[in-house]
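The structure appears right after this line, and notes come after that.
The values are calculated or read from the model by the stated rules, or taken from the named source; none is laboratory data. Please read all numbers here as calculations on a predicted model, not as lab measurements. All Cβ positions, even for glycine, are placed from backbone atoms using ideal geometry, and neighbour counts span all protein chains on display. Quick note on the areas: whole protein, heavy atoms, side chains included, nothing else; ligands and nucleic acids left out. Shrake-Rupley method; radii C 1.70, N 1.55, O 1.52, S 1.80 Å.
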Amino acid sequence: MPGYDLHSHTDHSDGTTSIEANVRLAVELGLDGLGVTDHDTTSPFDAAFAAADGTGLTIVPGVEFSSELDGHSVHVLGFWIDPENGPLQAEMGRLRNERERRAEQIVEKFHGLDVPVSIDRVRELAGEAPIGRPHIARAVLETGAVATMQEVFDTYLADDGPAYVPKYAVDPVRAIELLTGAGGVAVVAHPGLFGARNQDEPGLSDAVIESMAAAGMGGIEADHPDHTPENRAHYRDLAKALNLVVTAGSDYHGDAKELQLGQAVTDAAAFSALEARR
Ligand code: AMP
Ligand code: FE
Ligand code: FE
Ligand code: ZN
């Protein structure tokens, strides 16, 4: 399977597989490259390069950086960022602390909804990783109150759900500045999922994406497994109009989500265009 899967997670954030397992899988699939994009951390980089050494797989070190707009998450991928960059690491450190505080608030909300999930179990599941909603969803699943991870999101944890708590994060334009300031190429992740993820939601607006492009953003992840055909067509056209690169990635999370590594890939031409933005 040629191509570059530019969006993947490991147990360094809310994925369930190790970076070594993802690299092995990428090599088995015959991928040309793997974007290593955990939420708000650069901690898998060294292990990623070590695991890929001698395999021919290109590692694209990156991050899926959290920003917020109107109480909803806007995820921004930053490729080739310098892991030593002070301002970016400072903001990611703050975000990880914020995730701790927010996890406690979400657990309190579940208690108010008569779901007896334990914060200790959530912390145990997250380990060293920044706590994400999937860790909380897994702990809720273990209580037996719901049948599947997706049901936890649909019933409680989606952006408009009764257990949702937004996190304080910078706005999307500031996110672009931080990522490009760290030498990265910034790409808005899955813009079609902005908001409550219901099919009637229009996704992230053209005006917001234009402001991100003006701040130096290099691309749009128009091809995401959870995008509708309409999302894909819309954001492809917008990318063309704004002279942005279209990227694709699986957003693999191990067994936290029903997605396969390599399910969506960026072709060599788009990858070269992205590299040229460095
Ligand atoms: P967080 O960064 O803690 O806000 O969690 C975001 C992560 O939760 C995303 O990367 C997805 O893995 C997952 N997520 C968010 N909303 C949904 C949803 N409606 N359905 C399934 N997974 C979701
Ligand atoms: Fe995630
Ligand atoms: Fe995301
Ligand atoms: Zn992701």
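The set of residues from segment 118-133 being surrounded by 14 or more Cβ atoms within 10 Å (Cβ to Cβ) and assigned to a helix (DSSP H, G or I) comprises ILE119, ARG121, VAL122, ARG123, LEU125, ALA126, ARG133. Where strands (runs of 3 or more DSSP E) fall entirely within segment 1-117, those with at least 2 residues that are more than 15 Å from ligand 2 (Cβ to nearest atom) and open to solvent by 10 Å² or more (accessible area, probe 1.4 Å) are at 58-69. Of everything listed in (1) under 19 Å from HIS39 (Cβ atoms); (2) open to solvent by 10 Å² or more (accessible area, probe 1.4 Å), the single unmet condition for ALA139 is (2).
Criterion applied to GLY216, GLY195, GLY249 was being touching a Ser or Thr at 6+ places or on another chain (Cβ under 8 Å), more than 24 Å from PRO87 (Cα to Cα) and touching a residue at least 12 places away in the same chain (Cβ under 8 Å), and the one residue passing it is GLY249.
The helices (runs of 4 or more DSSP H) located wholly in segment 175-278 that include 1 or more residues which are surrounded by 22 or more Cβ atoms within 10 Å (Cβ to Cβ), of a type in the set (Ser, Thr, Tyr) and modelled with pLDDT of 95 or more occupy 229-241.
With respect to (1) modelled with pLDDT under 95; (2) in contact with a Lys or Arg (Cβ under 9 Å, 6 or more places away or on another chain), the lone exception for TYR156 is condition (1).
Each row is one residue, and each column tells you yes or no for (1) within 18 Å of ASP40 (Cα to Cα); (2) under 19 Å from the mean Cα position of the chain (by Cα); (3) within 9 Å of ligand 1 (Cβ to nearest atom).
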{"residue": "THR155", "(1), (2), (3)": "no, no, no"}
{"residue": "GLY161", "(1), (2), (3)": "no, no, yes"}
{"residue": "PRO166", "(1), (2), (3)": "yes, yes, yes"}
{"residue": "ASP171", "(1), (2), (3)": "yes, yes, no"}
{"residue": "LEU178", "(1), (2), (3)": "yes, yes, no"}
{"residue": "ALA182", "(1), (2), (3)": "yes, yes, no"}
{"residue": "VAL187", "(1), (2), (3)": "yes, yes, no"}
{"residue": "ALA215", "(1), (2), (3)": "no, no, no"}
